[in-house]
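The values are calculated or read from the model by the stated rules, or taken from the named source; none is laboratory data. Model, not experiment: these values are computed from the prediction. Every residue, glycine among them, receives a Cβ derived from its backbone with ideal geometry; neighbour counts consider all protein chains shown. Surface accessibility is based on the protein's heavy atoms, side chains included, excluding ligands, DNA and RNA. Shrake-Rupley method; radii C 1.70, N 1.55, O 1.52, S 1.80 Å.
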Amino acid sequence: MGLIKAIKAAVGTVAADQWREYFCCDALANDVLVTKGRKQTGGKGSNTKGVDNVITNGSVIAVNEGQCMIIVEQGKIVEFCAEPGEFVYDTSSEPSLFYGDLGESIGKTFAAIGRRFTFGGEAAKDQRVYFFNTKEIIGNKYGTASPVPFRVVDANIGLDVDIALRCNGEYSYKITDPLLFYANVCGNITADYTKDKIDSQLKTELLTALQPAFARISEMGVRYSSIPKHTAELAQALNEELSAKWAQLRGISIVSFGVNAVKASEEDEEMIKRLQRTAVYRNTDMAAAALVDAQADSMRAAASNKSAGPMMGFAAMNMANMAGGLDAAALFRMGQQAGTGGNMSAGNPSSPSNVSAGDGGWECACGNKGNKGKFCSECGAAKPAEGWTCSCGTVNKGKFCSECGKKKPEGVPLFRCDKCGWEPEDPKNPPKFCPECGDPFNDGDIV
């Protein structure tokens, strides 16, 4: 009785599977990445008793826009289609009398009955259709639970420091290689594979890759406050960082990366602002203006001193000015001699104060040695001109003036103010005080 029952079952199942199937997938929702295709059957149709997971030769599969389809037979991918339209599966191992050559189909049908008889009338075969969502998967939120390091580089002020950033926003991705995604992620699913099953892993790997991606953005000279303007570059940097895990392993790529807000800690923001404000004072005119403003505030504070009296307030202010080194007048003179907006930075190659005076430098009248620029690094006095100064104003090194041809005076000492560099027109009769800065002339002013 068992053999007869097996023969009947084999004949019945093969006959039921003679009908060609039709597979179609409706539009996939944004959260559905993969779904298993199902046969389209109706209440009035005859194709209702076929064996599940058996695809008859000549079956039709409709592929919509934003989708791709694969056919898996016995766990192996045997067909792939990413072109929208109708796909006819004409290489199936399950024959149909309604497709292809009739004689050939009859022979294959009896062979199929024989195979199923050996399995008790059941189909020892598993064939499935899977549809993949190849549209952009949007609306994936992220946020940095802990601060992410970001390197701030500002060549204008010589700033190079690491700060901590927090950011949040949304990103989107898409399945670019369905074969990799099937082989390494979803496999033989029986229902929908939704994005929530992989979101946690993707978000963790994304935040891990955010730090080196920020480093690449920083190397481009992008300020952290301008990161929202460079989301395309950031998405590209993230794809490069995640290519091994996402593109090469799972067949996923980032499409866009949106940043809602980027926020540094209050301490880091205050530090950067302070350094930027301080860097302005490398300009001698700006430094002088700031010093004048501070002195004006000090004068107002001294005048309103009620506890010790205005006189004590002004005395304290004068002591502070004497201990401060440079005064505003000296700073303004440095700016004028170095050109309008003179820069005191020795690291700026375009700055006039970066002119080398030789390996040993020059010695100022105040005793400071080894000065390299045009002004003393200790008192701010101008560097003495080399050679002798003609009555026409030209500084010469030879025995005759290169401008007017006059011969160098012999035995006549030349005077030059050691504070501001002023020279008298008649070196034989120098004044007792410099008319420019008021410094008294002495032996230290003889060149």
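Here are a few things to note about the model shown:
- The calculated P(r) of the stretch 172-254, using every Cα pair and 5 Å bins from 0, goes 3, 14, 23, 21, 15, 11, 6, 4, 2, 1 in percent.
- Full extension of the segment from Arg151 to Arg115, taken as 0.36 nm per residue of separation minus the current Cα-Cα distance, would add 6.1 nm.
- Highest-first arrangement of 233-246, 140-153, where packing means the average Cβ count within 10 Å: 233-246, 140-153
- Column: log10 I(q)/I(0), Debye, Cα scatterers of the stretch 84-149, q = 0.12, 0.19, 0.26, 0.28 Å⁻¹: -0.56, -0.92, -1.20, -1.25
- Length-normalised contact order of the stretch 68-121 in % [C-alpha pairs under 8 Å, at least 6 apart]: 20 percent
- Computed accessible area, Asp154, all protein chains, 1.4 angstrom probe, square angstrom: 10 Å²
- For the stretch 115-226, the solvent-accessible area with a 1.4 angstrom probe is 48 square angstrom per residue.
- Potential lengthening of the chain between Glu122 and Asp162 amounts to 7.6 nm, from the contour at 0.36 nm per residue minus the alpha-carbon distance.
- Rounded to the nearest 0.05, the FRET efficiency derived from the C-beta distance between Asn368 and Lys273 at R0 = 30 Å is 0.35.
- Checked against a 27 Å cut-off, the cross-linked pairs Lys49/Lys197; Lys8/Lys108; Lys372/Lys407 give Cα-Cα distances beyond that limit for Lys49/Lys197; Lys372/Lys407.
- Accessible surface ranking that places the most exposed of Leu180, Leu249, Leu202 first, with a 1.4 angstrom probe: Leu249, Leu180, Leu202
- Peptide packing: for 368-377, 250-259, the average count of neighbouring Cβ atoms within 10 Å per residue gives the ranking 250-259, 368-377, highest mean first.
- Projected onto their three principal axes, the Cα atoms of the stretch 24-151 cover extents of 74, 29, 28 Å, largest first.
- Neighbours of Arg20, meaning other residues whose beta-carbon lies under 12 angstrom from its beta-carbon, give a summed charge of -3 when Lys and Arg score +1 and Asp and Glu score -1.
- Neighbourhood net charge (14 Å Cβ-Cβ; Lys/Arg +1, Asp/Glu -1) for Gly121: +4
- Note on the stretch 140-287: Cα-only Rg and Dmax are 19.3, 76 Å.
- Counting only residues at least eight positions apart within a chain, or on another chain, the aspartates and glutamates with an alpha carbon under 15 Å from that of Lys5 are Glu122.
- Lys76 exposes around 140 Å² of accessible area when a 1.4 Å probe is run over every protein chain in place.
- With DNA, RNA and ligands ignored, accessible area of Thr389 (1.4 Å probe; Å², nearest 10): 30 Å²
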